[in-house]
Amino acid sequence: KGKLTELKDLIWETDATGIICDDELTSAQLGNLEEELSCKIIDRTLLILDIFAARAVSGEGKIQVELAQLGRSLSRLGGGIGTRGPGEKKLEMDRRLIRERISRLKKELKDVEKHRELIRTQRKQSGLKVAALVGYTSAGKSSIENALTNAGILEDAMLFSTLDTTTRSLVLDNTQEILVTDTVGFIRKLPHHLVEAFKSTLEEAKYADIIIHVVDASNPQMDEQMHVVYDTLRQLGAADRPVITLFNK
């Protein structure tokens with residue numbers, strides 16, 4: 001109660017129109033806070049999803065974002081003891097529509113993944129080595145790929161400016177040709193269902209022959225960010241790949 005009063009005063013003093021919580025909130029918590037504080041409440045997952053939605057360009061990126069958003073909405077609809085009533089029918093209908101849309105999107109994503117699998121097989125047959133650029137979001141992966149391969153990818157200090165992977169070829173000094181793939185940036189406390197939705201994009205690192213870990217050496221949280229990247233690679237089953245650490249900035 002005391003904290004809520006404190007927040008109410010803070011909202012009034014700063015003329016704020018919303019609150020962002022740096023953690024995941026349940027639907028009940030979100031509803032209660034909105035009721036008590038009379039302003040918009042956004043939790044960590046919603047914020048990341050909003051940023052993802054603004055950055056998605058390719059069909060795959062858009063499907064992944066929508067899937068994660070629908071999964072979130074479904075958990076929000078909840079239900080339980082004491083919810084029987086006139087609104088229950090509508091809730092059931094909403095749930096059914098969301099589930100139908102989710103299964104349709106999953107099917108589309110499966111097709112995209114098959115296509116990705118085909119490309120990987122072709123790469124393997126061509127004998128080309130693949131290097132995947134990984135790193136914390138805004139570490140400068142796109143700048144590095146552009147500098148190496150003139151890929152022309154958007155370079156920006158925005159969070160997750162690259163949501164879709166791009167692969168370009170690079171000819172090394174010894175005339176060996178390799179492929180360089182840019183991946184979506186990692187972030188601490190990335191909610192589990194987001195890792196699930198973006199698995200096919202994140203997994204580029206798992207299938208690479210070598211991982212280039214781009215680190216923003218000018219960031220005061222550099223060590224923590226490096227730890228997050230290693231941790232995410234472990235989650236993806238890519239911890240056994242050889243890693244080159246590249247200190248940027």
Given (1) basic (Lys, Arg); (2) touching a residue at least 40 places away in the same chain (Cβ under 8 Å); (3) surrounded by 13 or more Cβ atoms within 10 Å (Cβ to Cβ), identify the lone condition not met by residue 206.
(2)
Pair list, Cβ < 6 Å and 6+ apart or interchain, from the range 122-141 residues that are closer than 30 Å to residue 223 by Cβ and in contact (Cβ under 8 Å) with a residue 24 or more places away in the chain to residues that are polar (S, T, N, Q) and open to solvent by less than 10 Å² (accessible area, probe 1.4 Å):
132/181; 132/183; 134/183
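Yes/no matrix, rows are residues, columns are (1) in contact with a Phe, Trp or Tyr (Cβ under 6 Å, 6 or more places away or on another chain); (2) crowded, with 17+ Cβ neighbours inside 10 Å:
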| position | (1), (2) |
| --- | --- |
| 105 | no, yes |
| 113 | no, no |
| 122 | no, no |
| 133 | no, yes |
| 137 | yes, yes |
| 140 | no, yes |
| 147 | no, no |
Across (1) surrounded by fewer than 18 Cβ atoms within 10 Å (Cβ to Cβ); (2) at pLDDT 85 or above, residue 157 clears everything bar (2)
Considering only residues that are without any contact (Cβ under 8 Å) to a residue 24 or more places away in the chain and over 14 Å from residue 247 (Cβ atoms), which ones fall in the range 209-228?
220, 221, 227
Subset of the range 14-40, residues touching a residue at least 12 places away in the same chain (Cβ under 8 Å), open to solvent by less than 50 Å² (accessible area, probe 1.4 Å) and either closer than 30 Å to residue 104 by Cα or touching a Gly at 6+ places or on another chain (Cβ under 7 Å) (or both), comes to 25, 27, 30, 39
Wholly enclosed strands (runs of 3 or more DSSP E) of the range 167-249 bearing at least 1 residues modelled with pLDDT of 95 or more and either in contact with a Phe, Trp or Tyr (Cβ under 8 Å, 6 or more places away or on another chain) or under 24 Å from residue 47 (Cβ atoms) (or both)
210-216
Residues of the range 123-133 that turn out to be part of a helix (DSSP H, G or I) and either within 27 Å of the chain's Cα centre (by Cα) or within 15 Å of residue 210 (Cβ to Cβ) (or both), as a count:
2
Condition test on residue 11, is it part of a strand (DSSP E or B) and either at pLDDT 90 or above or surrounded by 14 or more Cβ atoms within 10 Å (Cβ to Cβ) (or both)?
no
Residue among 229, 243, 214 that is surrounded by 15 or more Cβ atoms within 10 Å (Cβ to Cβ), among the hydrophobic types (A, V, I, L, M, F, W, C) and under 16 Å from the mean Cα position of the chain (by Cα)
229
Give the residue that is modelled with the lowest pLDDT, with candidates limited to residues of the range 79-117 that are part of a helix (DSSP H, G or I) and aliphatic (A, V, I, L, M).
91
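The values are calculated or read from the model by the stated rules, or taken from the named source; none is laboratory data. Keep in mind that what you see is a predicted model, and the values were worked out from it rather than measured. Counting neighbours? That spans all protein chains shown, and the Cβs are built from the backbone with ideal geometry, glycine included. The area values use the complete protein model at the heavy-atom level, side chains included, leaving out ligands, DNA and RNA. Shrake-Rupley method; radii C 1.70, N 1.55, O 1.52, S 1.80 Å.
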